[in-house]
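Written below as structure tokens is the structure these notes are about.
No value in this document is a laboratory result; all are computed from the given coordinates. Model, not experiment: these values are computed from the prediction. Cβ: placed from backbone, ideal geometry, glycine included. Neighbour counts: every protein chain shown.
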Amino acid sequence: MRSLALFVAVALSFGAAPSRAEERVLPVARATIYPGDRIDESMLDEQSFSILAAPEGAVVERKSALIGKVARRTLLPGRPIAPIAVDNPRVVAIGGQVKIVFVENGLVITAYGAAMQAGAIGDLIRVRNQDSGLMVTGRIQPDGSIRVSEG
């Protein structure tokens, strides 16, 4: 109940009018989910909450938005889940060897390097080229390679 009161207070601070409560069905953890745990459907339930209107994105509203994500903080059973409490799984670890790919006008250059940052698919990270020692920046691809572009 304390988290519900906090949620209502946050809603009010964003300018939501305390006119009437609305019934919302939100995904909640079935049991405690710890940081680093990958979330699957069996770990989630849905629970009805009677809350005041809240700003868009204050809590995760669909189970599908949580499945496959990784908990960033402890998720307690029966409590609404904030979007910042989950993250996409990391496919690149700090210091991990990655394939660097440069593609332009049909020219493909590949090299290998060490990731200077961890990241998920689509993240922009820095990588040190193991041959030249130069730092490059690129976007993590679904296969775990890093695609760099000119500039």
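Under 5 Å from the amide H of LYS69 lie the amide H atoms of ILE39, each residue being 5 or more positions distant or on a separate chain, with H modelled from the backbone and absent for Pro and chain starts.
The label point for VAL70 and the one for ARG24, both projected 7 Å from the Cα toward the Cβ, are 2.8 nm apart.
Residues whose amide H comes within less than 5 Å of that of ILE100, counting only those at least five positions distant or on another chain, are ALA111, TYR112, GLY113, ILE146 (H built at 1.01 Å from N in the peptide plane). Here the Karplus relation 6.51 cos²θ - 1.76 cosθ + 1.60, evaluated at θ = phi - 60°, turns the backbone of the range 85-100 into coupling constants of 7, 10, 8, 5, x, 6, 9, 10, 9, 4, x, x, 6, 10, 8, 9 Hz, with x for every Gly and Pro. Proximity of backbone amide H atoms, modeled 1.01 Å from N, is registered between ILE121 and VAL91 at under 5 Å, excluding neighbours fewer than 5 places apart on the same chain. Using the Cβ of VAL98 as centre and a radius below 15 Å, the other residues enclosed give a net charge of +3, where K and R count +1 and D and E count -1. Using the Karplus relation 6.51 cos²θ - 1.76 cosθ + 1.60 with θ = phi - 60°, the per-residue 3J(HN,Hα) values for the range 24-29 come to 10, 9, 10, x, 9, 6 Hz, with x marking Gly and Pro.
A Förster distance of 22 Å, applied to the separation of the beta-carbon atoms of PHE102 and GLN130, puts the FRET efficiency at 0.90. Computed from phi, the 3J(HN,Hα) profile of the range 43-51 under the Karplus parametrisation 6.51, -1.76, 1.60 (θ = phi - 60°) reads 8, 10, 10, 10, 9, 8, 10, 9, 9 Hz, with x in place of Gly and Pro.
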